[in-house]
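Step one of this worksheet: look at the structure below.
The values are calculated or read from the model by the stated rules, or taken from the named source; none is laboratory data. It should be emphasised that the depicted structure is a prediction, and the values quoted were computed from it without experimental measurement. Cβ coordinates were reconstructed from backbone atoms using ideal geometry, including for glycine residues, and neighbour counts include every protein chain displayed.
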Amino acid sequence: CSHMFISKKLNFIRQFTASEIPFSMIFRKDVRFPHAVGVVVAESAKIGSGVCVWSNVTIGGKENGKETFYPVIEDDVQIMTGAKIIGNVRIGKGAVIGAGALILKDVPAGAVVVSKNEQIILTNNLK
């Protein structure tokens, strides 16, 4: 059975990468996890084709009363290391989600989103 093979393969990946990608998750073609360590994907999230998900990314649901809402990731999106995409949000086609970004609102197609909390707290002013 191919289903049994896939389950064993995903279980192996889960054990050695500390990732949580549900067995029942259905991916469109060309979804890539180049460094899948620490990746968590909610079972009901929708991920388009050509999406690239780097390490320590969370694509998760958010409860609102009795319902839980999940992200929709359109085609050709890049999700960089440590990004968190939570709840009822849509990431538009070709968007880039920068490292460490927290996404709680829709992102338009082709947009580049980075963390707005980037601050330099110490510099070395050697000349």
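Looking at (1) among the small types (Gly, Ala, Ser); (2) at pLDDT below 80; (3) more than 20 Å from Gly98 (Cα to Cα), which one does Ala36 not meet, given that it meets all the others?
With (1) among the small types (Gly, Ala, Ser); (2) at pLDDT below 80; (3) more than 20 Å from Gly98 (Cα to Cα) applied to Ala36, the lone miss is (3).
Matching residues to (1) farther than 24 Å from Ala36 by Cβ; (2) modelled with pLDDT of 95 or more:
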residue: Gly65; (1), (2): yes, no
residue: Gln78; (1), (2): no, yes
residue: Gly98; (1), (2): no, no
residue: Gly110; (1), (2): yes, no
residue: Val113; (1), (2): no, no
residue: Gln119; (1), (2): yes, no
residue: Leu122; (1), (2): yes, no
residue: Asn125; (1), (2): yes, no
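Looking at the range 24-83, which of its residues are over 20 Å from Ser115 (Cα atoms), touching a Phe, Trp or Tyr at 6+ places or on another chain (Cβ under 8 Å) and among the hydroxyl-bearing types (Ser, Thr, Tyr)?
Answer for the range 24-83, where residues must be over 20 Å from Ser115 (Cα atoms), touching a Phe, Trp or Tyr at 6+ places or on another chain (Cβ under 8 Å) and among the hydroxyl-bearing types (Ser, Thr, Tyr): just Ser44.
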